[in-house]
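Contents: one structure, followed by commentary.
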Amino acid sequence: MASTIAEKIRKKALELGFHKVGFAPAETLMHERDLLEKWLEKGFHGEMLWMAREPEKRTDPKLLFPQAKTVISVALNYYTPFQHEETPKKGKISRYAWGDDYHEILREKLQRLLEFIKTLDHEVEGKICVDTSPIMEKAWAVRAGLGWIGKHSNLITKDYGSWVFLGEILVNIEIEDETKIETDHCGSCTACINACPTGAIVEPYVVNSNLCISYATIELREPELPEKIKENLNGWLYGCDICQEVCPWNRFQKETEENRFHPRNNETSVSIDSILSMTHEQYIERFRRSPMKRAKLQGLKRNAEALKNSNQK
Ligand code: SF4
């Protein structure tokens, strides 16, 4: 029996190294828009003002790509079996940022997937989205059957846990598939809520970014970290993995085949002093094509200073 277009795309996506792929009709995310607006009204986005811009565009794929009929959602496992080095001399880096910039890796694979889809149907046009586009990636992953959004607000897959990057291709064709929406398997667990040292998960499924160590150490552009963050850094220099580390679903984590996610320079934590004395030239050299560029040298130095001070207390 000839395979369907969905089966062919799925097979190719897995060949390209994606770990999960699914399809969802490109409808407006009305329920998610409602949740987003409530979250924004409370100011839980902190200084991430781009999140408040155009919530309509964020939730209506046709405003991003007018011909969109289907959203193809993919997940790429980035788990590598290394551990953080726990020493006061070093600051921990979030797992997602250990290796090369995932934007480039995902984009390259999605580009090849789109080219393949065009060979199946020459009329196909598509738009690739990787994190930087205003699209609700986790919501699409849920609709495409990849997993569910946990109480810590990350996407969880049953087979790889939450250590996955997400990407999408919006295409101008309808793709039929028997999508089975994954039910929420958090149940009565509250491990992530209890473990968060700053209480950033203010209620199940709702994160107040203003209290989140990851947000503060990566996105916040203030010269000083907020007191509550400084007091609870727990050794984090860039990002934070606490809520994911305690999640029982991450017992299903598996090693990725993508070597580019292995820690650069074998570093899962960075010397605090090396950051404090780093010149701009050294920063450019060390963090070229690394996701850690996001915090800028100024942000890394601010975080390193806060870690150094917390060690001296
Ligand atoms: S730690 Fe528990 S509550 Fe939190 S996301 Fe994982 S399963 Fe859900």
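Among (1) closer than 30 Å to Ile9 by Cβ; (2) at pLDDT 95 or above; (3) more than 16 Å from the ligand (Cβ to nearest atom); (4) part of a loop (DSSP other than H, G, I, E, B), there is one condition Asp159 misses while meeting the rest; what is its number?
(3)
Which is under 27 Å from Arg294 (Cα atoms), among the basic types (Lys, Arg) and either in contact (Cβ under 8 Å) with a residue 24 or more places away in the chain or surrounded by 20 or more Cβ atoms within 10 Å (Cβ to Cβ) (or both), of Lys57, Lys69, Lys8?
When all the criteria are applied, what remains is Lys57.
Across region 203-239, which residue is nearest to the ligand (Cβ to nearest atom) among those that are among the hydrophobic types (A, V, I, L, M, F, W, C) and in contact with a strand residue (DSSP E or B) (Cβ under 8 Å, 6 or more places away or on another chain)? Spell out the reasoning first.
So the first thing to find is which residues in region 203-239 are among the hydrophobic types (A, V, I, L, M, F, W, C), and the list is 206-207, 211-213, 216, 218, 220, 225, 229, 233, 236-237.
With the extra rule that they be in contact with a strand residue (DSSP E or B) (Cβ under 8 Å, 6 or more places away or on another chain), the set shrinks to 207, 211, 213, 218, 236-237.
Working: Val207: 11, Leu211: 16, Ile213: 16, Ile218: 20, Trp236: 18, Leu237: 23 Å.
Filtering region 203-239 for residues that are among the hydrophobic types (A, V, I, L, M, F, W, C) and in contact with a strand residue (DSSP E or B) (Cβ under 8 Å, 6 or more places away or on another chain), the one nearest to the ligand (Cβ to nearest atom) comes out as Val207.
Can you confirm whether region 171-182 contains a residue that is surrounded by 15 or more Cβ atoms within 10 Å (Cβ to Cβ) and within 16 Å of the ligand (Cβ to nearest atom)? It would help to see each step written out before you state the result.
From region 171-182, those surrounded by 15 or more Cβ atoms within 10 Å (Cβ to Cβ) are 171-173, 175, 177, 179, 182; that's our starting set.
So of that shortlist, the ones also within 16 Å of the ligand (Cβ to nearest atom) come out as 182.
Yes: one or more hits.
Can you pull out every residue in region 174-206 that is among the hydrophobic types (A, V, I, L, M, F, W, C) and farther than 14 Å from Cys247 by Cβ? Before you say what the answer is, go through the steps one by one.
At the first step, the residues of region 174-206 found to be among the hydrophobic types (A, V, I, L, M, F, W, C) are 175, 181, 186, 189, 191-193, 195-196, 200-202, 206.
Answer for region 174-206, where residues must be among the hydrophobic types (A, V, I, L, M, F, W, C) and farther than 14 Å from Cys247 by Cβ: Ile175, Ile181, Ala200, Val202, Val206.
For region 11-46, give me each residue that is assigned to a loop (DSSP other than H, G, I, E, B) and either exposed (fewer than 15 other Cβ atoms within 10 Å of the Cβ) or in contact with a strand residue (DSSP E or B) (Cβ under 8 Å, 6 or more places away or on another chain) (or both).
Residues of region 11-46 assigned to a loop (DSSP other than H, G, I, E, B): 16-19, 26-29, 42-46.
Answer for region 11-46, where residues must be assigned to a loop (DSSP other than H, G, I, E, B) and either exposed (fewer than 15 other Cβ atoms within 10 Å of the Cβ) or in contact with a strand residue (DSSP E or B) (Cβ under 8 Å, 6 or more places away or on another chain) (or both): Gly17, Phe18, His19, Ala26, Glu27, Thr28, Lys42, Gly43, Phe44.
How many residues are in a loop (DSSP other than H, G, I, E, B), surrounded by 15 or more Cβ atoms within 10 Å (Cβ to Cβ) and not small (Gly, Ala, Ser) if we restrict to region 268-307? Full working, then the answer.
In the first step, residues of region 268-307 are kept if they are in a loop (DSSP other than H, G, I, E, B); the result is 268, 277-279, 288-290.
Then drop every residue that is not surrounded by 15 or more Cβ atoms within 10 Å (Cβ to Cβ), which leaves 268, 278, 290.
Of the ones still in play, those that are also not small (Gly, Ala, Ser) are 268, 278.
Qualifying residue count for the region: 2.
Does any residue in region 241-252 that is near the ligand (Cβ under 6 Å from one of its atoms) come within less than 6 Å, Cβ to Cβ, of a residue that is among the aliphatic types (A, V, I, L, M) six or more places away or on a different chain, and which pairs are these?
Val246/Ala191; Val246/Ala195; Trp249/Ile156
In region 74-94, is there at least one residue being crowded, with 22+ Cβ neighbours inside 10 Å, under 19 Å from Leu29 (Cβ atoms) and either touching a residue at least 24 places away in the same chain (Cβ under 8 Å) or hydroxyl-bearing (Ser, Thr, Tyr) (or both)?
Yes; the residues of region 74-94 include at least one that is crowded, with 22+ Cβ neighbours inside 10 Å, under 19 Å from Leu29 (Cβ atoms) and either touching a residue at least 24 places away in the same chain (Cβ under 8 Å) or hydroxyl-bearing (Ser, Thr, Tyr) (or both).
So, of the residues in region 183-202 that are within 21 Å of Trp148 (Cα to Cα) and more than 12 Å from the ligand (Cβ to nearest atom), which turns out to be surrounded by the most Cβ atoms within 10 Å (Cβ to Cβ)? Spell out the reasoning first.
Taking region 183-202 first, the residues within 21 Å of Trp148 (Cα to Cα) are 183-196, 200-202.
With the extra rule that they be more than 12 Å from the ligand (Cβ to nearest atom), the set shrinks to 183, 200, 202.
Working: Thr183: 8, Ala200: 28, Val202: 15.
The selected residue is Ala200.
The values are calculated or read from the model by the stated rules, or taken from the named source; none is laboratory data. Nothing here was measured: the structure is a model prediction, and the numbers come from that model. With ideal geometry, Cβ positions are generated from the backbone for all residues, glycine too; neighbour counts draw on all protein chains shown.
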